[in-house]
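Structure first, commentary second.
What follows is calculated from the coordinates using simple rules that are stated; it is not laboratory data. Everything quoted here is computed from the prediction, not taken from an experiment. Backbone-built Cβ (ideal geometry, glycine too); neighbour counts: all protein chains shown.
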């Protein structure tokens, strides 16, 4: 995680909490030290030490190891973190207060473990428990939002099925009415029928094979090419590695539709669509030329807002959508961890 993104995620109210804890800790223990300055230093070291352990546990160990079911590695890293932090804290405090009993390895080791290491375990575990409860609540909320949106989508789909079925059957009839000497019209109508068939019969599951989604996009692009002339260049490049996994149906089509909707109309216009796939990540990119004075809000449109919402619900923490809007081009780059 980048430093800036980390501090954005680690919200300001967390900082307020640690400041309040520092104040309470100092108020309860300042009389135990010879001077207020020494009390301030010791309290600051202890609070910063605890904050670092809880932060590393909650924002690195839990999401990177525990949530990925790497339980043994999580346990080892957690124990190592607490023990190492406790030893370093004793070293710093021992030298600050000139107390060799804290920083020398000889002596009453059991007492130091009891007074320093074990309390750290319980405090960090308590912080991790709060993190787990909050994450569980967020997960339940996302599941409820997803279920509600799915129910609404299914209801809308059922309401709209009558007209698409009628249109699909009518297209089949029109197809056979077109003279065989006009293969271009027959081919275009055939692609349109395939797209409609995909929407009616093949996208009822939560996930769809990427191969079918690509076929749908290719049919759409081919139909759009019929509307362009020699001033428009449309390229669609799909790496051979893009296969063997599933994604949410109709997740990519809004980006392609947006590119065709807002493409420029000058002497040289283009749309480039690329897809590739690594071991565990899928990449999609769409870039189109646009008019220099075109409104940013119009370009992004409602469709992109909807797909951003779907990505947040379906791939929380597992996707990255980057939008680059310049004077002459509009670029979408999407990566999804599978």
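Taking 0.36 nm per residue of separation and subtracting the Cα-Cα distance, full extension of the segment from residue 237 to residue 338 would add 34.3 nm. Using a 7 Å offset from Cα along Cα-Cβ at residue 276, what residues in region 225-247 end up with backbone N under 20 Å from the label point? Within reach of a label on residue 276, which here means backbone N under 20 Å from a point 7 Å along Cα→Cβ, region 225-247 contributes 235-246. Taken over the alpha carbons of region 221-337 as equal point scatterers, the Debye sum produces base-10 log I(q)/I(0) values at 0.20, 0.21, 0.23 Å⁻¹ of -1.15, -1.24, -1.40. FRET efficiency for the pair residue 55 and residue 139, taken as 1/(1 + (r/R0)^6) with r the Cβ-Cβ distance and R0 = 22 Å, rounds to 0.55.
Here each label is just a point 7 Å from Cα along the line to Cβ, and for residue 225 and residue 306 those points are 2.7 nm apart. Model label sites at residue 283 and residue 194, defined 7 Å from Cα along the beta-carbon direction, differ in position by 2.7 nm.
Please list, by residue number, everything in region 268-290 whose backbone N is under 15 Å from a paramagnetic label point 7 Å out along Cα→Cβ of residue 327. Counting only backbone N, you get 290.
Counting 0.36 nm for each residue step from residue 129 to residue 178 and taking away their Cα separation leaves a gain of 10.9 nm.
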